[in-house]
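Right, one structure below, let's go through it.
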Amino acid sequence: MKILVVNPGSTSTKMAVYEDENPILLRNISHSAEQLAPFGNITEQQDFRRQLVLDELRTAGIPMEFDAVIGRGGLVKPISGGVYEINQRMLDDTLHGCVMHSHACNLGCLIAYEIAQMIPGCRSFIADPGVVDELSPLARISGSPLMPRIAIWHALNQRAIARRYAEGIGKEYEDLNLIICHLGGGISVAAHQHGRAIDANNALDGEGPFSPERAGSLPAVDLIRLCFSGKYNEQQLLKRIAGKAGLNAHLGTNDMREILGRISRGDEHAKLIVDAMIYHVAKNIAAESAVLCGDVDAILITGGMAHSEYIISELRRRIGFLAPLYTFPGEDEMKALALNALAVLQGKRETKIYD
């Protein structure tokens, strides 16, 4: 089976071509601020990015002969996990504003569908977007009926890691209880119970531990007072939640290599802030063990910061008593997308309907 993978990000578009499980082309197409400046919103970038993908295929000499095109899922309305065949309802919701956030990932389904339409018999999919919502009824309830809890998290990578771990021990993902933590620009922590993420934080909008770019949970009353202080407008405050927040706000950078370098050179303030982040990550992981009533088969740590021996050793010191802890540094969303499409094409997994 031949599969094209398209993964649009804020400043780049990743693409890959797989033959079954084997990558034959991997590209990361960078977009400068000058290139993106003419576009008024994310969806206006659709034709520009699609053409770049087609140009890369042409340059690499890869013919337009694919069994499937799979794109990174966008931040549309909450849906259950799985693989979705792209339909008109999904396209309409993405194009006409039924999205929870304006983000480049919303282009994934649009570009995948358009390219698939150019190829006879080719199917188009998304898989496990960041809005996968399988929360238990208890997890949805917050202290205010006006603000029920929702999950925006690293569903694609967490599920891929869960399946990789399960395969490695000769079991199925659906047979296990796992706590999985993705340590990236945002940090998501989820409790996976027999193949469903029954609790996960909103890693984008301000919930859970703070991260290199995001504020995490904040004191609610202080936040309300800040909103009415007159010091900041709405967009500036939103940046204080996601973007100019977390380590970036405290230390002036979101580059963990730079920050860890500062710590190694004796910067006590940087060490304090990073230790506080680790503390809150550990606290959130421990909280998910209560969701699973202590029945935890393993704790899996993934994402870019999982490369850091310092961060992992400190997490292990705090939460190692809960369950065995395993690390899967980095992320491989491209392979995860390709394997999801392949599972459908081989009849091992059924597609779901977006409605």
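Of the candidates ILE79, ILE62, ILE111, the single residue that is over 27 Å from ALA242 (Cβ atoms), among the hydrophobic types (A, V, I, L, M, F, W, C) and either modelled with pLDDT under 95 or open to solvent by less than 50 Å² (accessible area, probe 1.4 Å) (or both) is ILE62. Residues that are out of contact with any Gly (no Cβ under 6 Å at 6 or more places or on another chain), over 30 Å from ASP20 (Cα atoms) and surrounded by fewer than 17 Cβ atoms within 10 Å (Cβ to Cβ): does segment 298-307 have at least one? No, segment 298-307 contains no residue that is out of contact with any Gly (no Cβ under 6 Å at 6 or more places or on another chain), over 30 Å from ASP20 (Cα atoms) and surrounded by fewer than 17 Cβ atoms within 10 Å (Cβ to Cβ). With respect to the stated conditions, LEU345 fails to be open to solvent by less than 70 Å² (accessible area, probe 1.4 Å), under 20 Å from the mean Cα position of the chain (by Cα), more than 19 Å from TYR279 (Cβ to Cβ) and modelled with pLDDT of 95 or more. Inside segment 174-196, can you point out the residues that are open to solvent by 10 Å² or more (accessible area, probe 1.4 Å) and either assigned to a strand (DSSP E or B) or within 16 Å of GLU213 (Cα to Cα) (or both)? Passing the criteria: HIS182, GLY184, GLY185, GLN193, ARG196. Considered as a group, the residues in segment 253-264 that are among the polar types (S, T, N, Q) and either in a helix (DSSP H, G or I) or in contact (Cβ under 8 Å) with a residue 60 or more places away in the chain (or both) include one that is farthest from ILE311 (Cα to Cα), and that residue is ASN254. The lone criterion from (1) surrounded by fewer than 17 Cβ atoms within 10 Å (Cβ to Cβ); (2) touching a helix residue (DSSP H, G or I) at 6+ places or on another chain (Cβ under 8 Å) left unmet by HIS96 is number (2). Identification of strands (runs of 3 or more DSSP E) wholly contained in segment 5-101 with 2 or more residues that are farther than 25 Å from VAL131 by Cα yields 12-19, 22-30. If the condition is being surrounded by 15 or more Cβ atoms within 10 Å (Cβ to Cβ), farther than 16 Å from ALA68 by Cα and under 22 Å from the mean Cα position of the chain (by Cα), then segment 30-56 contributes HIS31, ILE42, THR43, GLN45, GLN46, ARG49. If only residues of segment 202-229 that are open to solvent by 10 Å² or more (accessible area, probe 1.4 Å) and polar (S, T, N, Q) are counted, the one that is farthest from ILE79 (Cα to Cα) is SER229.
The values are calculated or read from the model by the stated rules, or taken from the named source; none is laboratory data. Only a predicted model underlies this, so the values are computations on that prediction, with no experimental measurement involved. Please note: Cβ atoms are built from the backbone with ideal geometry, for glycine as well, and neighbour counts cover all protein chains shown. Quick note on the areas: whole protein, heavy atoms, side chains included, nothing else; ligands and nucleic acids left out. Shrake-Rupley method; radii C 1.70, N 1.55, O 1.52, S 1.80 Å.
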